[in-house]
Amino acid sequence: MRSQHRHLAARGYWRAFSRKLRYPLGPEAKAVAFIERAIDPDHAISAVSQNGDFLGVAGFKSPDGAFIGGGFRDLAATFGWFGATFRGLLIGILERDCEPGTLLMDGIFVEPHARGRGIGKALLKAIETRAASMGLHHVRLDVIDTNPRARALYEREGFVEKSVQSLGPLSPVFGFSTATQMTKPVGI
């Protein structure tokens, strides 16, 4: 990711995931500040137009880090120690572990003006290529029940449902009820 796109990526990430992150990271200005601080460009693949405009990003998580990393100190720098404690507990509920041999997607979005041009599909392909180049055998992602368009894209691209997890009584906090874990073999 280009350094000049860091703020755009943070804003786009918030726009794409604010519904589920509104309580752990809101309000918007602080959320974008935290996300911008926590971005690890080594765990991202950006889509950029021929003239250098930022179009979208696909982030991933590995044992070495995550697209939106950061820790308690990063939360505290943005929200204060008390706010960081509360937010850290909520974010922990959404945390997903890396499985051996699998690249874990850590968010994908396309800027609104660039949608419908195959950029999401290209980002998925780039993630698959990255996983294969790392010697991994699968890509895994989670898609929430309130995002059927994304799920349809993932299914068209060969991802299959592995499991479904329910948030139960925490559904109103995060704005979705279930998350479907989907995987796709790569490099075979």
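Remarks
- Farthest positive-ward along the chain dipole, Cα basis, beta-carbon charges - from ALA114, THR78, GLN165: ALA114
- Share of carbon and sulfur in the accessible heavy-atom surface of the range 1-112 [1.4 Å probe, %]: 52 percent
- Ligands, DNA and RNA are left out, and with a 1.4 angstrom probe the accessible area of the chain is 51 Å² per residue.
- Heavy-atom accessible surface of the range 145-188: percent carbon and sulfur, 1.4 Å: 56 percent
- Counted charge near GLY187, where neighbours are those whose Cβ lies closer than 13 Å (Asp, Glu -1; Lys, Arg +1): +2
- Taking the Cα centre of the chain as reference, the dipole from Cβ charges on Lys and Arg (+1) and Asp and Glu (-1) amounts to some 440 debye.
- Extended-chain gain in nm, criterion 0.36 nm per residue less alpha-carbon gap, GLN50 and ALA132: 26.9 nm
- Cross-link reach is defined here as a Cα-Cα straight distance under 29 Å, omitting same-chain residues fewer than 8 places apart; for LYS184 the lysines meeting it are LYS20, LYS61, LYS121, LYS125, LYS162.
- Sites ALA77 and TYR23 - FRET efficiency at Förster radius 22 Å, r taken between beta-carbons, to 0.05: 0.70
- For the residues ARG37, ARG73, ARG87, a GNM of the chain with alpha-carbon springs under 10 Å puts the largest fluctuation on ARG73.
- Computed over the range 1-157, Cα set: Rg, Dmax in Å: 15.3, 44
- In the range 1-71, the C-alpha radius of gyration followed by the widest Cα-Cα span (Dmax) gives 11.9, 37 angstrom.
- Computed from the Cα positions only, the extents of the range 83-188 along the three principal axes stand at 41, 35, 26 Å, in decreasing order.
The values are calculated or read from the model by the stated rules, or taken from the named source; none is laboratory data. None of these values were measured; they are calculated from a predicted model. All Cβ positions, even for glycine, are placed from backbone atoms using ideal geometry, and neighbour counts span all protein chains on display. We work out accessible area using only protein heavy atoms, side chains counted, and drop any ligands, DNA or RNA first. Shrake-Rupley method; radii C 1.70, N 1.55, O 1.52, S 1.80 Å.
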